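Working notes, structure below.
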Amino acid sequence: MARKPVQERSRVRAERVLAETRSLLASKAFEDLTVRDIAEAADVPVGSIYQFFDGKTGIYDALSEKFAGEVADFSNTHMTPEALARDPEAFISNMVEGLENLQDQNEGFICIARTPSGAGAAGFLADNLRRDLTARLDLVVKQAMPKLTPARRGIFIAVLGSTMTDAFAKVPPKTSRNRKPYVAEIKRMLTAYTRDTLKAQ
């Protein structure tokens, strides 16, 4: 951020810029967005954006910090070794519902999370999100499944991560009647796979 807003009105304006950028990311690649697009969506003058951010890159940096913080909060709350070892079904359920809530609250989250590596700034953020989630899963699984070999742990984490990303890239809208059975099926598949992995260690 070029200059941290001091006045309440300025803080609200800067937050609105970030919020509208998130919404735009749900349907448009970051590289295709312009500062003018963001300013029009946020209903602020273009000059206001440069007052608080170092252009589009500054907005992206600020969004990256927000996303990273939300992912960290989510993983620390829902993804603990104790929860996985105690009740795999509840662990999977909480993880799925946590990601579901993140998607509903942040329209651009899944859009960014599924961006391929090397796809500009969005790819860089996607890599960071995947790396952080993978690192958290690795820590959790290592403690909850101590007898699992590193190779099997790596496979388990890869399957879990890719299934979640692919599934939520296609999740029906919150208002769809298909949403509930779709999410329930994700939980069922991942719970069964997790139980099988726990038995095999």
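Against the condition at pLDDT below 80 and either of a type in the set (S, T, N, Q) or touching a strand residue (DSSP E or B) at 6+ places or on another chain (Cβ under 6 Å) (or both), how does ASN101 come out, does it pass? The answer is yes for ASN101.
Of everything in region 26-52, what is assigned to a helix (DSSP H, G or I), under 20 Å from the mean Cα position of the chain (by Cα) and either surrounded by 16 or more Cβ atoms within 10 Å (Cβ to Cβ) or basic (Lys, Arg) (or both)? Give them in sequence order.
PHE30
Within region 53-74, identify whether any single residue is modelled with pLDDT of 85 or more, more than 17 Å from PHE30 (Cα to Cα) and either out of contact with any strand residue (DSSP E or B) (no Cβ under 7 Å at 6 or more places or on another chain) or part of a helix (DSSP H, G or I) (or both), and answer yes or no. No - not one qualifying residue is present in region 53-74. The set of residues in region 75-92 that are under 18 Å from VAL183 (Cβ atoms) and either in a helix (DSSP H, G or I) or open to solvent by 10 Å² or more (accessible area, probe 1.4 Å) (or both) comprises HIS78, PRO88, GLU89, ALA90, PHE91, ILE92.
The values are calculated or read from the model by the stated rules, or taken from the named source; none is laboratory data. Here the structure is a predicted model, which means the values were calculated and not measured. Backbone-built Cβ (ideal geometry, glycine too); neighbour counts: all protein chains shown. Heads up: the accessible areas ignore ligands, DNA and RNA and are worked out on the full protein's heavy atoms, side chains in. Shrake-Rupley method; radii C 1.70, N 1.55, O 1.52, S 1.80 Å.
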